[in-house]
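The values are calculated or read from the model by the stated rules, or taken from the named source; none is laboratory data. What you see is a predicted model, and the numbers here were worked out from it, not measured in a lab. No Cβ is skipped: glycine too gets one built from the backbone with ideal geometry, and neighbour counts run over all protein chains shown. Accessible surface areas use protein heavy atoms only, side chains included; no ligands, DNA or RNA. Shrake-Rupley method; radii C 1.70, N 1.55, O 1.52, S 1.80 Å.
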Amino acid sequence: MEEGSWQVEEQVEKLLSGQGSEVTTCDVALDQSKPATLRKNVTYIVCAVIFNQQEEVLMVQEAKQDCYRLWYLPAGRVEVGESLEEALKREVKEEAGFDCEPITLLLIQEQGPQWIRFIYLAKVTGGDIKNLSAADQESLQASWWDRQSVLPLRGRDILSLIDCGLKYLHDPWHPETLPVDLSSRHLVQRLVLVFTNAENQIWILLIKAPVLHLPTAAALKTHAVTWAANMVVQEAMPSAYHDHDVNTLGVLSLQHNGRQHGKSDGVCFNTLVKLVPDHVQRDEDGETVERTQAAQPPPVENPRYVWFEVQKPTLRERLLEKTKTTSILPLHSLY
């Protein structure tokens, strides 16, 4: 047990520092999930937020008939055989004429495995801005937008993404996070699922066999990707599930390879998840009663699982800090 817990602490430290680790197993809902296959059951979109020195944002004018001549951020689908970074560079080159380098993921938006958008903050490293003489089916032209002048937009959803990029430029609120080149066959959520008490003790939920490890759960096409965390809690402690909120706070790191179609199209989201007692409860008369904070995590009812109390002081401090400030890459479900 001791040796296994040491390995778990080491793995959690790796994930906290933005690294990944091989996906060797999927513990929950594998039977309800098919291997991730681009164009079949998963769609990944990349989107670039790029500023110049005047903090104008790079925009492209659409060539597609349904949004002809409207403006949008450089964006498009990841193609078969591409990594997310390769797709980003290709889209920016095709639509805006520039070579670019990603700086960090800003935000991930998802509507279940069938639609996930990876929004990057990136910088120009070469090339020339695309003008009307180079118009093609990818875009008509590109331009820098000061965000004040009137510009007919394809969608107002990008305004919050631009604001997100500006905020990060001025005051980065999470570490620079780029995908780790590790393959995953399925689209999975690996959970660093924690419970904390008033004394700042912190526990992590683990699966016992074949060795102690962090639980992984497959994404279901009928739910948000982060529903995987709910399935784990339902399986581990069904009695406590309805008295607790399962909060996926964000992404510590993510793993994607994409080079083998149907075999490495998956993504592993290494997430920090907090199990929070629902403090507002009602008595038999329907009156609300405040619950006191529990000193211990809810008991595990499934013998597959065990709570492990983090002993290492530096790891405990890092985890507590992350759960309080949520200074990690946001993952927003658009359901």
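Could you state the angle between the C-alpha long axis of helix 227-236 and the longest principal axis of the C-alpha atoms of the chain, as a value from 0 to 90 degrees rounded to the nearest 10? Computed tilt is about 10 degrees.
Per the 1.4 Å probe, what fraction of the accessible area of the chain, in percent, lies on carbon and sulfur atoms?
C and S atoms contribute 48 percent here.
To test your reading of the geometry: what angle, between 0 and 90 degrees and rounded to tens, separates the Cα axis of helix 313-325 from the longest principal axis of the chain? Helix 313-325 and the main axis of the chain meet at about 60 degrees.
How much accessible area per residue does region 114-264 have, counting only protein heavy atoms and a probe of 1.4 Å, in square angstrom?
Details: 6700 Å² over 151 residues.
With all protein chains present, region 114-264 gives 44 Å² per residue.
Beta bridges assigned by DSSP with both partners in the chain are antiparallel in approximately 70 percent of cases.
Global size of region 188-335: 16.4, 59 Å for Rg and Dmax (C-alpha atoms, Rg to one decimal, Dmax whole).
Top mean-square fluctuation among 189, 32, 255, Gaussian network model of the chain, C-alpha springs under 10 Å? Largest GNM mean-square fluctuation: 32.
Highest GNM mean-square fluctuation among 250, 262, 126, for the chain modelled with Cα contacts below 10 Å: 126.
Against the chain, whose longest principal axis comes from its Cα atoms, helix 157-170 is set at around 80 degrees.
Note down the net charge around residue 196, summing +1 for each Lys or Arg and -1 for each Asp or Glu among other residues with Cβ under 14 Å from its Cβ. Don't skip to the end; give the middle numbers.
On the way: positive: 274, 316, 318, 322, 324; negative: 199, 245, 309, 317, 321.
Spelling it out: positives minus negatives among the neighbours equals 0.
Where only DSSP H runs of four or more residues are counted, the chain gives -6500 deg cm²/dmol as its mean residue ellipticity at 222 nm, each run worth -39500 (n - 2.57). Summing charges over all other residues whose Cβ lies under 12 Å from the Cβ of residue 315, with Lys and Arg as +1 and Asp and Glu as -1, gives -1.
For region 31-75, the solvent-accessible area works out to 50 Å² per residue, with a probe of 1.4 Å and every protein chain left in place.
The overall shape of region 1-56 is oblate: from the C-alpha gyration tensor, with semi-axes ordered a ≥ b ≥ c, the ratio a/c is 1.5 or greater and a/b is no larger than b/c.
For 157, 66, 265, give me the order by solvent-accessible area with a 1.4 Å probe, most accessible first, ignoring ligands, DNA and RNA.
Working: 157 60, 66 135, 265 0 Å².
Ranked list, largest accessible area first: 66, 157, 265.
What residues qualify as long-range amide H neighbours of residue 253, i.e. H under 5 Å apart, gap of 5 or more or another chain, H built at 1.01 Å from N? Amide H to amide H, under 5 Å and 5 or more residues apart or across chains, residue 253 pairs with 270. Each label was represented as a point 7 Å from its Cα along the Cα-to-Cβ direction; for residue 52 and residue 293 these points are 5.1 nm apart. Per-residue surface analysis assigns residue 45 an accessible area of about 20 Å², computed on protein heavy atoms at 1.4 Å probe radius. Taking the chain as a Gaussian network, Cα atoms linked when under 10 Å apart, which of 106, 191, 30 shows the biggest mean-square fluctuation? Of 106, 191, 30, the most mobile in the Gaussian network model is 30. Relative to the 2.2 N^0.38 Å rule of thumb, the chain has a C-alpha radius of gyration ratio of 1.09. Ordered from highest to lowest accessible area with the whole protein assembly present and a 1.4 Å probe, 43, 271 read as 43, 271.
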